[in-house]
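Participant: Structure in structure tokens, see below.
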């Protein structure tokens with residue numbers, strides 16, 4: 001997305017138009033997440049609201065002009081044509097809060113039920129099957145594999161399968 005470009009454009013406009021006293025911060029809300037890519041777990045920074053940036057500012061005519069006329073800014077949260085609707089402090093805190101110690105971040109799943117996959121390791125390596133169930137928390141799939149002409153459910157880890 002264009003979030004990083006909007007943030008950079010807006011930050012340079014804030015400086016060049018001397019708006020630091022009214023536009024304080026531009027944030028792209030992200031969270032730590034685990035994604036499974038090619039069967040491997042990876043820690044990534046995932047955007048919480050793709051396509052959106054948060055701007056901490058005193059909303060007046062001048063500050064709103066600077067933000068809405070920043071290149072790549074296409075709209076605001078709120079009624080069309082009206083001023084943006086400010087988020088409450090509670091909303092901002094819940095968006096920006098870090099997960100608690102020990103709180104599990106669920107992996108994003110790149111598989112879907114009914115999808116055909118190939119088993120890449122274990123006793124069923126090179127078999128193909130159809131995903132019948134996904135357990136994202138345990139990073140496991142239940143896959144129906146055809147063994148001797150019969151569909152047999154097999155539980156496999158995300159790291160043991162690949163998309164066809």
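No lab work stands behind these numbers, since they all come straight from the coordinates. For clarity, every value in this text was computed on a predicted model and none was experimentally measured. Cβ coordinates were reconstructed from backbone atoms using ideal geometry, including for glycine residues, and neighbour counts include every protein chain displayed.
Participant: Angle between the Cα long axis of helix 3-16 and the longest principal axis of the chain, 0 to 90 degrees, nearest 10?
Facilitator: Once rounded, one gets 20 degrees.
Participant: Could you tell me the relative contact order of the chain? Use alpha-carbon pairs under 8 Å, at least six residues apart, and round to a whole percent.
Facilitator: About 19 percent, as a whole number.
Participant: What residues from region 2-46 fall in the zone where the backbone N is under 20 Å from a label point 7 Å along the Cα-to-C-beta line of residue 60?
Facilitator: Under 20 Å, as judged by backbone N against the label point of residue 60, lie 11, 13-26 of region 2-46.
Participant: Gain in length, residue 18 to residue 43, computed as 0.36 nm per residue apart minus the alpha-carbon separation, to one decimal in nm?
Facilitator: Length gained between residue 18 and residue 43: 5.2 nm.
Participant: For Kirkwood radius over Cα pairs in Å, the choices are [x] 18.9; [y] 19.3; [z] 16.8; which was calculated from the structure?
Facilitator: [y]
Participant: May I pose another question? Compute log10 of I(q)/I(0) for region 116-163 with the Debye formula, placing one identical point scatterer on every Cα and leaving out solvent, at q = 0.14, 0.16, 0.20, 0.31 Å⁻¹, to two decimals.
Facilitator: -0.27, -0.35, -0.55, -1.26
Participant: Let a ≥ b ≥ c be the square roots of the eigenvalues of the Cα gyration tensor of region 26-68; is it rounded (a/c under 1.5), or, if not, prolate (a/b larger than b/c) or oblate?
Facilitator: Here region 26-68 falls in the prolate category.
Participant: Right, another one. Along the Cα-to-Cβ line of residue 152, 7 Å from the Cα, sits a label point; which residues in region 110-136 have backbone N less than 11 Å from it?
Facilitator: Correct set: 123-124.
Participant: I need 159, 62 ordered by Cβ neighbour count within 10 Å, fewest first.
Facilitator: Ordered by Cβ neighbours within 10 Å, fewest first: 62, 159.
Participant: For 158, 76, which order do you get if you count the other beta carbons within 10 Å of each Cβ and list the fewest first?
Facilitator: 76, 158
Participant: While we're on this one: Counting DSSP beta bridges in the chain, what percent are antiparallel, to the nearest 5?
Facilitator: Of the beta bridges lying entirely in the chain, close to 95 percent run antiparallel.
Participant: Another question, if that's okay. Order these by the 10 Å Cβ neighbour count, fewest first: 132, 16, 63.
Facilitator: 16, 132, 63
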